[in-house]
Structures are given as C-alpha cells and as structure tokens.
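For reference, the structure discussed in these notes is given below.
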C-alpha cells in the first residue's frame with residue numbers, strides 16, 4: 001500500500017515537471033517570436049525611413065540644359081498710330097483683317113453707312129440667287145470656270161477644318177469673289193438680258209453704293225493692322241520712352257496677361273518690325289545690366305525672344321529695364337502687360353541632379369554604378385542652379401593643380417554620357 005502511494009506521488013511529480021518544462025519552452029518560443037517580430041518591425045521602419053529621408057535611386061547621365069531665370073512683368077510699348085479721322089463712335093467694317101500687313105496709303109477699314117444692314121442683306125440675297133442660277137447652268141465647261149470651282153472647293157475644305165471666326169469671314173469673302181467672277185463669265189455666255197446678267201447688275205449697283213457713300217480709312221504708315229485699341233497707344237508709345245517711369249507703369253493698374261478687346265469704331269497701325277518691353281524688377285548685386293546687353297526672354301507661351309537693353313532707370317530700390325525686340329512682335333499685339341522670364345544664363349552639357357553630387361574637401365564627386373560596382377568619380381561643376389548641375393571632367397593639368405600625383409591621375413575614372421549614377425548615394429556602399 002505504501003509502495004503504491006509512493007508510485008502515485010512520483011507520477012504526479014513527473015507530470016508537474018513535464019508541465020513546467022512545456023510552459024518554460026512555450027515562454028522561450030514566445031520571447032523568440034516576439035523578438036523576431038520586433039526586429040522585423042524595426043528593420044521595416046528603418047528601411048522605409050531610409051527611403052523617405054534619403055532615397056537611393058539611379059539615373060542615366062544625359063545631355064541637358066539648365067538656366068537661371070527671373071519672372072517679371074513686362075509692359076508692351078509700340079510705335080503705333082490710332083486711325084479714326086471721324087472722331088466718332090460710328091461702327092466700322094474691316095477691309096483688312098486683324099494682323100494683316102499693309103503699306104502706307106492702303107485702305108484698312110470703312111465706316112458703316114446709315115442703311116448698311118439693309119444693303120448688305122440685299123447683296124447676300126443676290127449672291128444666293130446667283131449661286132442658284134449658276135447651279136442650273138449645264139453648258140459651262142470653260143477652263144476658267146473649272147479653275148474657279150477648284151479654288152472654291154479648296155477654300156471650302158480649309159474652312160471646314162478651321163474654327164477661327166476671322167479666318168472664316170475672310171474665306172467667305174474670297175468665295176463670294178470667286179462666285180462673282182464665275183457669274184460674270186456665265187453672264188458673258190448668256191444673252192444680254194439674261195437673268196444672271198440682271199442679278200450681277202443689281203449686285204454691282206448695291207456694292208457701288210456702299211463704296212461711294214461710306215468713308216474709307218487709309219493706313220498712315222506701313223505696318224500691321226489691329227483693332228485692339230486700349231487708349232494707351234499715345235502714352236505707351238516708342239516716341240515717349242524717355243518719359244516712362246516705374247511709378248507711371250505701376251499706376252496704370254493693368255492686369256497681367258489680359259487680352260485687349262477689339263474696338264468697333266476705330267483701328268490702328270503698328271510697327272511690326274520692332275517694339276519695346278519695359279520690365280520692372282528689384283535691384284540686386286547679382287546681375288549687372290548695362291545698355292547694349294543682349295538678354296533672352298521667355299514668354300508664358302514658351303516663346304523665346306532675343307532682346308537688347310535700350311535704357312535702364314532706377315527708382316525706390318527698383319530697376320526699370322527697357323528692352324527692344326525685333327522678332328515675335330506680332331505675337332504681342334493682343335497684350336499690353338505680360339508675364340515673362342528673364343533668362344540670365346543658360347548652359348548645356350551633362351546634366352545631373354544636385355542630390356547626386358557628393359562634396360568632400362572642396363571637391364565634387366558622383367557615384368557611378370556599373371554592373372553593381374559603385375565607384376566614386378571626381379567631376380568638375382561647370383554650372384549649377386537650385387536643382388541641377390552641369391558636370392564635366394578635369395583635364396590632366398587641372399588635376400595636377402588640385403594636388404593629384406602622376407601615379408594617381410591615370411587610375412582616375414571619368415564620367416561619360418549614358419553612365420548610370422546614384423541619386424542620394426549611400427557612401428557605405430561605395431567600393432573605393
């Protein structure tokens with residue numbers, strides 16, 4: 001009996017030891033698993049933080065251009081003359097369209113007469129009747145007729161592909177002229193009292209009335225016609241460059257980029273060979289501008305314009321630079337004040353992000369990645385702006401001046417186009 005109790009006690013003890021051992025092992029496994037999870041989380045956080053704070057990426061070196069620009073407002077100053085001899089608000093009819101080139105003495109527009117609308121409606125009705133009459137002719141096979149039909153079809157094709165109102169209006173006038181010529185040829189082939197001849201005579205009479213009763217304006221000079229009149233033509237004029245000040249320009253309160261509305265009672269002719277742009281900027285010691293300097297401008301339409309400094313004025317810590325341009329003048333007709341960039345300098349070459357440059361002891365390096373081997377290469381900074389650098393290689397003589405020995409120089413690698421380099425390189429990964 002005692003022996004049996006003793007055996008039961010041993011079994012209970014063994015079970016307790018086994019249970020305790022399992023519990024210990026479970027605790028150890030939980031600790032190991034927890035440690036592994038903590039390590040994994042820590043590594044993930046480190047990797048993500050490393051990527052966010054200093055991402056290491058690669059790019060291929062290629063040619064590019066960098067520049068330093070300054071955004072300014074430019075006031076357009078032109079040599080232009082308003083045309084309106086009647087000094088009244090009488091509505092005008094364009095003879096020359098907006099932007100058309102004219103010679104001195106050439107007719108540019110005429111004033112509407114009292115019964116203009118009525119006569120124009122009658123002419124339009126006659127045009128339609130003439131067209132209908134021509135469609136009924138079956139014996140018109142002359143070469144001139146075929147040529148006119150071809151011209152009409154060509155213009156119609158262009159008109160269908162165009163949504164510019166001014167162009168459509170011009171095309172309509174041209175088609176009407178061709179139809180009139182065609183009608184006159186048809187009239188010559190018909191009896192003197194024919195229906196077509198009668199229509200042509202009525203139309204000619206009405207057109208002569210318009211011509212005889214209305215006053216036509218002629219161009220006072222050679223140039224470009226515009227109907228965008230804003231009232232500043234005499235003030236912001238090339239003849240008054242010496243009188244223009246910063247205070248005057250800013251006092252105009254013009255909106256940048258606003259298009260000048262077309263006027264219905266007057267037009268103007270302007271010099272299309274040159275105009276001036278007055279820009280206002282803060283004075284700085286970084287850019288020394290002199291009369292005669294050549295300055296590149298870039299407009300909001302991404303057009304590049306070459307200009308020459310004509311005059312410089314300073315006023316209350318600001319600088320007024322008057323620039324002359326001789327190309328792209330017609331693109332500026334619609335505006336009086338525009339936003340543009342002054343391109344102070346521009347450099348082309350091997351362009352890399354500044355974040356790929358390593359600076360050590362006053363020297364600049366990039367890290368080339370070739371087949372997984374990362375090599376630090378000395379480069380020469382030729383030009384840089386806020387974001388990019390144009391880089392190149394040093395000459396042997398320059399390397400000697402920097403203190404490199406005749407033994408070191410032949411072993412130094414050079415950067416070339418299409419090399420792969422690292423952005424934000426990790427110096428611990430570099431082989432040399």
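Here, each number is a calculation from the coordinates, and none is a lab measurement. From a predicted model like this one, the values you see are computed outputs, not experimental measurements. Note: ideal-geometry Cβ built from the backbone for every residue, glycine included; neighbour counts use all protein chains shown.
Observations
- Scaled radius of gyration (Cα, divided by 2.2 N^0.38 Å) that segment 324-405 gives: 1.71
- Fewest-first sequence of 217, 250 by Cβ atoms within 10 Å of each Cβ: 250, 217
- Packing-based exposure ordering (other Cβ within 10 Å, fewest first) of 109, 273, 404: 273, 404, 109
- Label point 7 Å beyond Cα of residue 57 along Cβ direction - residues of segment 383-417 with amide nitrogen under 15 Å: 387-388
- Normalised by residue number, the volume inside the convex hull of the Cα atoms of segment 215-293 is 143 Å³ per residue.
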